[in-house]
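As structure tokens, the structure follows; a few thoughts come after it.
The values are calculated or read from the model by the stated rules, or taken from the named source; none is laboratory data. Everything numeric here is computed off the predicted structure, so don't read it as measured data. Counting neighbours? That spans all protein chains shown, and the Cβs are built from the backbone with ideal geometry, glycine included. Quick note on the areas: whole protein, heavy atoms, side chains included, nothing else; ligands and nucleic acids left out. Shrake-Rupley method; radii C 1.70, N 1.55, O 1.52, S 1.80 Å.
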Amino acid sequence: MGVLGDVNGHEVRLTSRSLVGRSRRCEIRSSCASVSSVHAIIRWTSRGWQLRDLGSRNGTLVNGDPLGPGQAALIGQGDQLTFGRSEPWRLLCEEAPGLFARRQDGLEVTGAGVLLLPSELEPSACLATAPCGWKLHHLKESRIEQVQDGEVVAIEGVTWTLNFPEAASDTDEFDLTELSTIAADAALVVSVDENDQVTELVVRSKAGDSAPITGRAHLRILPLLARRYLADAGKPAESRGGWVSEERLVQATGAKSGGYLAVLVHRTRNSLEQAGLPRGVIQRNGYGGVRLVIGRVELVEV
């Protein structure tokens, strides 16, 4: 995700829309009198990061070149940004904005695909994509709310500011071309007992077998996904389905809600990543479907 740094080593993580100025509502704040209250805006666009002067009194510079009032310019990693006569900033990282939340005391929690708050181990809320955008699942209250980028929410009496890409992808957050290249030669071996509980998970690849993963309750989403994958395995790869509805997964796994299912998917992705697979091996779409995207699946009943 985008990161700005100043000459004193202070770094600021960029959201998809970050205001620069002296005002308290600005994400990038300056105490320099030459900086306007709302001086400029840095936002993520389809072409990368863009800096726009907002009619400031003392101007905005990109690598020493001035922007006219209201003028915008694309900025890249290493570019120097100066607001008024304040000390310059530099764009340290030009990656797209990521998923994170900032607590009222400044603590930040990041996520990949979903965000668990207040912590990964004991979540009370889960932020995840949905067909109509982003939703915050309050797990203990069985309540769901639609949220916007930059929105402030309360979780267990503590306020958090949510930051995420403005548009949710129809096919999750993964590059499927890259994913197919990485996972095409890998096999997922899922062993289950008579109660359809996963007893062991192994990833086989050209590099050899991964260390077995055992005793993880969140892996209970895998048997249903594996069976659907195998049912569609005879189809051409480009038309292969393998999708299981979230409603069906909630019923099969005993998850209390779609929010709890998002937590299971997130933790299973973490386990697969530890075994050497990309997180996108478990893919979610914008229409309530989940599937496995991998070269081969084996389901072993023990």
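Which one of these does Ser30 not meet: (1) farther than 28 Å from Val147 by Cα; (2) of a type in the set (S, T, N, Q); (3) without any contact (Cβ under 8 Å) to a residue 40 or more places away in the chain?
(3)
Does the range 217-229 contain at least one residue that is farther than 21 Å from Val302 by Cα, out of contact with any Gly (no Cβ under 8 Å at 6 or more places or on another chain), open to solvent by 60 Å² or more (accessible area, probe 1.4 Å) and not polar (S, T, N, Q)? Quick ask: steps written out before the conclusion?
Taking the range 217-229 and keeping what is farther than 21 Å from Val302 by Cα, we get none.
Checking the range 217-229: not a single residue is farther than 21 Å from Val302 by Cα, out of contact with any Gly (no Cβ under 8 Å at 6 or more places or on another chain), open to solvent by 60 Å² or more (accessible area, probe 1.4 Å) and not polar (S, T, N, Q).
Among the residues of the range 30-51, count how many are within 24 Å of Gly98 (Cα to Cα), in contact with a strand residue (DSSP E or B) (Cβ under 7 Å, 6 or more places away or on another chain) and surrounded by fewer than 16 Cβ atoms within 10 Å (Cβ to Cβ).
Total satisfying the criteria: 3.
Across the range 194-209, which residue is surrounded by the fewest Cβ atoms within 10 Å (Cβ to Cβ) among those that are in a strand (DSSP E or B) and of a type outside the set (D, E, K, R)? Break it down into steps so the answer makes sense when it comes.
Just the residues of the range 194-209 that are in a strand (DSSP E or B), to begin with: 198-205, 208-209.
Imposing the further condition that a residue be of a type outside the set (D, E, K, R) reduces the set to 198-199, 201-203, 205, 208.
On the way: Val198: 23, Thr199: 16, Leu201: 20, Val202: 18, Val203: 24, Ser205: 16, Gly208: 8.
Within the range 194-209, the match that is surrounded by the fewest Cβ atoms within 10 Å (Cβ to Cβ) is Gly208.
Scan (1) over 13 Å from the mean Cα position of the chain (by Cα); (2) open to solvent by 20 Å² or more (accessible area, probe 1.4 Å) for the single condition Phe83 breaks and write down its number.
In the conditions (1) over 13 Å from the mean Cα position of the chain (by Cα); (2) open to solvent by 20 Å² or more (accessible area, probe 1.4 Å), Phe83 misses (2) alone.
Being of a type in the set (Lys, Arg), in contact with a His (Cβ under 9 Å, 6 or more places away or on another chain) and in a loop (DSSP other than H, G, I, E, B): is that true of Arg57 here? Full working, then the answer.
On the way: of a type in the set (Lys, Arg): yes; in contact with a His (Cβ under 9 Å, 6 or more places away or on another chain): yes; in a loop (DSSP other than H, G, I, E, B): yes.
Yes; evaluated as a whole, the condition is true for this residue.
In the list Ala275, Ala262, which residue meets the criterion of being crowded, with 16+ Cβ neighbours inside 10 Å and closer than 23 Å to His138 by Cβ?
On inspection, the qualifying residue turns out to be Ala262.
Do the conditions hold for Val297, that is, is it assigned to a strand (DSSP E or B), aliphatic (A, V, I, L, M) and within 21 Å of Leu115 (Cβ to Cβ)? Before the answer, list the steps.
On the way: assigned to a strand (DSSP E or B): yes; aliphatic (A, V, I, L, M): yes; within 21 Å of Leu115 (Cβ to Cβ): no.
No; evaluated as a whole, the condition is false for this residue.
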